[in-house]
Amino acid sequence: MAKRTFSSFEIFLIFLLVMMTGITVALLSLLFITSGTIENHTGVPSTQSPPATQGSAAPQNSTPSRAPTTTQVSPTPSTPKTTLFQNFSGYHIGVGRADCTGQVSDINLMGFSKTGQYARGILTRLYSRAFILAEPDGSDRVVFVSIDIGMVSQRLRLEVLSRLQNKYGSLYRRDNVILSGTHTHSGPAGYFQYTTFVIASEGFSNRTFEYMVAGIVKSIEIAHTNMKPGKIFINKGTVDGAQINRSPTSYLWNPQSERARYSSNTDKEMVLLKMVDLNGEELGLISWFAIHPVSMRNTNHLVNSDNVGYASYLFEQEKNKGYLPGEGPYVAAFASSNLGDVSPNVLGPHCTNTGESCENANSSCPIGGASMCVAMGPGQDMFESTQIIGRKIYDKAKELYESASQEVTGPLASAHQWVNMTDVTVWLNSTHTAKTCKPALGYSFAAGTIDGFGTLNFTQGMTEGDSFWDSLRDQVLGKPSEEIKECHKPKPVLLHTGELLKPHPWHPDIVDVQIVTLGFLAITAIPGEFTTMSGRRLRQAVREEFEAYGMLNMTVVISGLCNVYTHYITTYEEYQAQRYEAASTIYGPHTLSAYIQLFRVLAKAIATDTVANLSSGPEPPFFEQLMSPLIPNIVDRAPAGTTFGDILLPANTTYRVGEVVEVTFVGANPKNSAENRTHQTFLTVEKYEATSATWQIIHNDASWETRFYWHKGLLGLSNATIQWHIPDTAQPGSYRIKYFGHSRKQDLLKPAVLLSFESSPSVFEVITTW
Ligand SMILES: [Zn+2]
């Protein structure tokens, strides 16, 4: 073979080929290395929220510094030190928490629909807790947000989605974002657009709405900013002694064969997700457990997050050592589930006048009727009950968290539709169909429950109306149509909300149905309150649907109070008994069957990878010109010779642990502080540190040891009382309490301004022995 020689042009070409191959290899390597961070480059980068201090609540520099790194051993297999952007098995995980308290005065509390249950201060702050989970390559992601509010309203969700779209483009959407309320009944109302809820809230409070939207969005931004590779572990276990069924007679209407499959008339199972990064550092948890957060009663006036909020508080305080409540990177959400008929008042219903049990189909007492029948317990008062139930939930969560070892793996998916719930054809069997109804509330809705009776003396279990109330309604609101009355039978229609359209529709027609999946875990986002058996039926149906299309052994979780509020959803059988939950099943007797059908469609779409073919359905409306609250904003005034924050009643000079410190100040309306966030606490309890000669903040208004009461006077005068319930763990020494607020001032012909103020401190000693 003749020896081949290269011309100089050929040598140049070979040189070029070698160079280009080198460059290509380098570029491919770079692409591979950075693929793990794709989400950080999609959409607009978030810069607003500092990642390390979440929902900073302390007003000044004496905030405790960053906690020492946790040394807790996690079940993560000891991973060698992992590069952030390497490919890995698991998910990118981001967690975030932000304050969303809103107004703590001059607004109704949302939940009991009790006239006059106005907010008059704060026991704990309310938080939005966000979790973003993304595939290792950043392709798909889902967002779960648990919010310390009664329920997510359609308006809240639409506004949050719109702001997310403005900031992140199509990254966070209607299908992959779930917003779920914890269902605390001690959060502010006023963030709804449908007339029934606007009336219950006594108006639409733009101040509260804005505060909540901003808080929810901020929690998502924080989670977005701090995403990192990690792992999720799941665990399940039984929580005992924390709940009872508050409509056990309704539950008994379900078929015996069905009931025989369950050992209890409530779901006692808690499902918990533990999140850690690849180095084993703990990031947060989500748990789902079915319980009404109504340990705080309808006589309460302090904004707070109730029993599940207390569980969050205990967990976060433990993991964020050295931080004040509401601060620190670790986020623990205790989310709602199928809690429709589940009460935390475990002593059961008793007549408040005679003490006898009123566990009957009408929850009625021989003397005094339904308004005397109240469920209590287990504490001496509602504060103690909240803490006892919250601690039971926390204890189980901690146990499940520490022993969680089953890793959640597999692709992420999400499916969502808007559905006109007034017009769903339900297939009862292969030949017979039924329809859902236009919304209506039955008579027993007005009865309330054993956790909080209605203002008027209605009883539960009413299957017939009353001519007096019928004619009153007919005159004020017009007659319900025969169609709606027929459709809702045996529910006697008290309010035909589906036919009331002024000034805006009284109830939603368009409702969200949504499922997100992470591997073998499916989260169903329920737009209301499923009863125990409703939840069981839906879980089973969704699991079977997944199974039919090859996704075996799915764990299905009911996530309650999501996306839009539509009251309750009972089974068809429970509906016949017409207790409160059934009277509040607003789309009629076949509501649950309709949801089961709709969620099956979503499950099938995910299992067959055909989500893209799902229609989005009719878009819900966003109403303008909602009725404003009737309570006017008036100028704050201090008595002559005093100014805001002056001490009216100082603390005593000395206290023992276990006692209650109380200081009263010249106050200003706390709702001003929801508009003007110069500081996010109404109070601090501070301890004098002799070594550094500084005052260290040890409690803020998010702390369960502190209470902030606001006493409204006449003509803009008011007082504020701060209590500190000194815990057994308090160290002896010098302490002081301070009050922070905003006063509304208005000079002639000028717009009102909100002025921040800080009280002078009230100083005292804590001693441990006399
Ligand atoms: Zn409820």
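The values are calculated or read from the model by the stated rules, or taken from the named source; none is laboratory data. Quick caveat, the model's predicted, so the values are computed rather than measured. For neighbour counting, all protein chains shown are included, and Cβ atoms are generated from backbone atoms with ideal geometry for every residue, glycine included. Note: areas computed on protein heavy atoms with side chains; ligands, DNA, RNA excluded. Shrake-Rupley method; radii C 1.70, N 1.55, O 1.52, S 1.80 Å.
Couplings 3J(HN,Hα) for region 198-210, derived from phi with the Karplus relation 6.51 cos²θ - 1.76 cosθ + 1.60 (θ = phi - 60°), are 5, 5, 4, 8, 6, x, 9, 9, 4, 4, 5, 4, 4 Hz, where x marks Gly and Pro. Once the Cβ-Cβ distance of Asn719 and Ala361 is raised to the sixth power relative to R0 = 60 Å, the FRET efficiency obtained is 0.85. Thr691 label point, 7 Å along Cα→Cβ, cut-off 20 Å on backbone N: hits in region 317-331? It comes to 321-324, nothing else. Placing a label point 7 Å from the Cα of Gln380 along the Cα-to-Cβ direction, the residues of region 275-307 whose backbone N falls under 18 Å from that point are 296-297. Close amide H partners of Ala522, meaning residues 5 or more places away or on another chain with modelled amide H under 5 Å apart, are Thr555, Val556, Val557.
For region 646-767, the per residue solvent-accessible surface stands at 44 Å², with DNA, RNA and ligands left out and a 1.4 Å probe. Percent of accessible area on the chain owned by carbon and sulfur, 1.4 Å probe? Taking all protein chains in place, the chain shows 56 percent carbon and sulfur surface. Exposure check, 1.4 Å probe, all protein chains in place: Trp469 carries approximately 80 Å² of accessible surface. Work out the FRET efficiency for Asp728 and Thr238 from their Cβ-Cβ distance, taking R0 = 51 Å, and round it to the nearest 0.05. Calculated value: 0.95. These residues, Leu495, Leu456, Leu521, go from largest to smallest accessible area, 1.4 Å probe, as Leu456, Leu495, Leu521. Near Arg97, once Lys and Arg are set to +1 and Asp and Glu to -1 for all other residues with Cβ below 13 Å from its Cβ, the sum equals -1. Using heavy atoms of the protein chains and a probe of 1.4 Å, the accessible area assigned to Lys712 is about 90 Å². Bridging of Lys396 to lysines at a Cα separation below 25 Å is possible for Lys231, Lys236, Lys268, Lys274, Lys319, Lys321, once same-chain residues fewer than 8 apart are set aside. Distance from the alpha carbon centroid of region 179-225 to that of region 293-360 works out to 19 angstrom.
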